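The values are calculated or read from the model by the stated rules, or taken from the named source; none is laboratory data. From a predicted model like this one, the values you see are computed outputs, not experimental measurements. Cβ placement follows ideal geometry from the backbone for every residue including glycine, while neighbour counts extend to all protein chains displayed.
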Amino acid sequence: MVCPQHQVETKNDMVDLVMTYIVENNSRVVFFMEVKSPGDIRNPSTRARADDQMRQRYRELYFDIDYVLHSISALGTKICFYKVSPPDASMEPEEIERDLKHVNDTAPKSRWNLDILEPEGETTLRAIAFEITQVVSVWK
């Protein structure tokens, strides 16, 4: 089951449009994707907000899960793959903490290094889809 969710968030008087797609199998979340505007990749603050939203979504969805949960942050066609793995719920990519003394980029543009319309992006997505099908095949 794929459940699209349209969100309009406001933070600091800014409107943030997010489309979230959650894929479930037997009432278990197996994948999710958050899609935002292509222009969001240009600005460090909008990339940081996208990264924060992905991490928040994992906090909402990842509880008592004993399998790898994959996800994608898409800024237009540019994609960044995320995953959380048991047993310690380690997350990739690792979070970059904000520097309290200096301005730093907590979500580098290079994280969205693949394009879903390019062969490498498609191949990576297909590999993850295959991994997910292997996990859910044992649930039947």
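Of everything in the range 111-140 that is touching a strand residue (DSSP E or B) at 6+ places or on another chain (Cβ under 8 Å) and polar (S, T, N, Q), the residue that is nearest to Gln56 (Cα to Cα) is Asn113. Across the range 103-120, the number of residues qualifying as touching a residue at least 40 places away in the same chain (Cβ under 8 Å) and either farther than 22 Å from Arg55 by Cβ or in contact with a Cys (Cβ under 7 Å, 6 or more places away or on another chain) (or both) comes to 3.
Residue selection: Tyr62 fails the criterion of being closer than 16 Å to Val18 by Cβ and out of contact with any Pro (no Cβ under 9 Å at 6 or more places or on another chain).
The number of residues in the range 77-98 being surrounded by 14 or more Cβ atoms within 10 Å (Cβ to Cβ), in contact with a Phe, Trp or Tyr (Cβ under 8 Å, 6 or more places away or on another chain) and more than 16 Å from Glu60 (Cα to Cα) comes to 4.
The residues of the range 111-140 that are closer than 14 Å to Gly76 by Cα, of a type outside the set (A, V, I, L, M) and surrounded by 14 or more Cβ atoms within 10 Å (Cβ to Cβ), listed by number, are Arg111, Trp112, Asp115, Gly121.
Here is the figure for the range 99-110: residues that are farther than 18 Å from Arg59 by Cβ and either touching a Pro at 6+ places or on another chain (Cβ under 9 Å) or surrounded by 11 or more Cβ atoms within 10 Å (Cβ to Cβ) (or both) total 5. In this structure, Ala129 does satisfy being more than 14 Å from the chain's Cα centre (by Cα), part of a helix (DSSP H, G or I) and at pLDDT 95 or above.
Condition check ((1) within 21 Å of Thr133 (Cα to Cα); (2) among the polar types (S, T, N, Q); (3) under 15 Å from the mean Cα position of the chain (by Cα)) across all residues:
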site	(1), (2), (3)
Asn26	yes, yes, no
Phe32	yes, no, yes
Ala48	no, no, yes
Phe63	yes, no, no
Lys101	no, no, no
Asp105	no, no, no
